[in-house]
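Please read the structure below before turning to the comments.
We did not get these values from a lab; they are worked out from the coordinates using the rules stated. Every value quoted in this text rests on a predicted model; they were computed, and no experiment measured them. Every residue, glycine as well, gets a Cβ built from its backbone with ideal geometry; the counts of neighbours run over all protein chains shown.
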Amino acid sequence: MEHTIKYYPVDNGDCTLIKLGNGKTVIIDCQITDAYDKDGKQISYDVKKDLLAELNRDSQGHPYVDLFVSTHPHDDHCIGFKDNFYHGNPNEYDNTSDKGKIIIGELWITPRGMGNNVATSAESIRCEAKRRRLLYDENQSYCGTYGNYLRIIGYDNQKNFDSRYAYVPGTNVKFVNGSFLSLLEIFIHAPFKEDVTDCRETDDKNTTSIVTQFKFKTEDDRVVCRVLMGGDAEHDIWQHILDNNVDDANLQWNIFLAPHHCSWTFFNDSDNKQEILKSAKDILCNGLNNGCIIASSKAIHSYDSNPPCAEAKKMYIRFLDDKDNFYNTATDKIINGIAQPIVFKINDRGKRKITGTAIAGESSISRPAPRAGM
């Protein structure tokens, strides 16, 4: 049984798919644009087509993802959500007008994403999250159903904490979309309450990024790969994570997604490239043997400043056992002039990068489809 993690080439943006060996799926962030120009010529990788090939169908034949994580409400993490993901009760899915739209079994969102001041592309995520929260608020015994589950990640001072739909840093998640995640654990590192509060004063949405460690497991419950992802979290957030962490294993990684599209702000402020802060060193030193770092960004050139940042790339490579284990989604694999996803397969022997042509939807694993409206 193999798991898959796929980093889509979406320029300075994020869109990642996790597909477990038992068929369960997770999408982290969204950057889906038109892959074809007005003349029908392909100009970029067709993310939506690939997602539809990879995702399962529910009992009504509708495509769905078990979990969608919206790390924070910026355009480069939310573009395409409105047109490609279903909004509303799954029972009301229209096979004509909604055809091809992906139902989200469970939605994760930062408290900042629930506010009024979000990027235009994030407004539809906010509306869907508010629709789901209303189901909980109107019925105190309600704990979610397929297509209606919600988790607000981090404490929101503006609303009473409700454990039915809220997670805080330090939570190790093993249940998603109403069922047990036997092959994956998700540890939540951030956002912290003080950062959620401060961002309302500064309007810095990056400070409320959801930071998580994904632990991929075998059927006998062994952890075989750890993946660390942090949206656009900058160095001060990583320092907060280190200050609050009580188990170093939760910060270990075999694969690390460079925050903010390989920006320098993971290492220090943008205007200070002379000093590397201890927070960056500590996080990178938690890399395990033969670790890999992914830059989900445009091609990185020597004249780039931020993001992507050429100096940041050089610094990441310094911390790798093998300098060839730094991969850029824009340049790693090109077919007919089109950048392809970076794909890893994970099994009981660990991770391995797929170097050949990846075939979307190649997994033959199936599982019982959830019923719409469950």
The stretch 213-362 - Rg (one decimal) and Dmax (whole number), Cα, Å: 15.8, 48
Length gained when the stretch residue 249-residue 290 is fully extended (0.36 nm per residue, less Cα-Cα span): 13.1 nm
Packing-based exposure ordering (other Cβ within 10 Å, fewest first) of 127, 225, 285, 30: 285, 127, 225, 30
Proxy reagent accessibility, fewest Cβ within 10 Å first, across 133, 222: 222, 133
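Only helical DSSP H runs with n ≥ 4 go in: add -39500 (n - 2.57) per run for the chain, normalise by residue count and round the 222 nm mean residue ellipticity to 500 deg cm²/dmol.
Working: 8 runs with 68 residues, N = 374.
For the chain, the value works out to -5000 deg cm²/dmol.
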Dipole-positive endmost among 36, 122, 216 within the chain (Cβ charges, Cα centre): 216
Residues of type aspartates and glutamates that residue 298 reaches as a straight line, Cα spacing below 14 Å, ignoring anything fewer than 8 places off in the same chain: 11, 14, 76, 332
Percentage, to the nearest whole number, of Cα pairs in the stretch 3-353 over 36 Å apart: 15 percent
Euclidean distance between Cα centres, the stretch 270-343 to the stretch 15-70, Å: 25 Å
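Could you list 346, 188 so that the one with the fewest beta carbons within 10 Å of its beta carbon is first and the one with the most is last?
Ascending Cβ contact count within 10 Å gives the list 188, 346.
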Label-to-label distance, nm, for residues given as residue 33 and residue 141 (7 Å Cα→Cβ offset): 5.0 nm
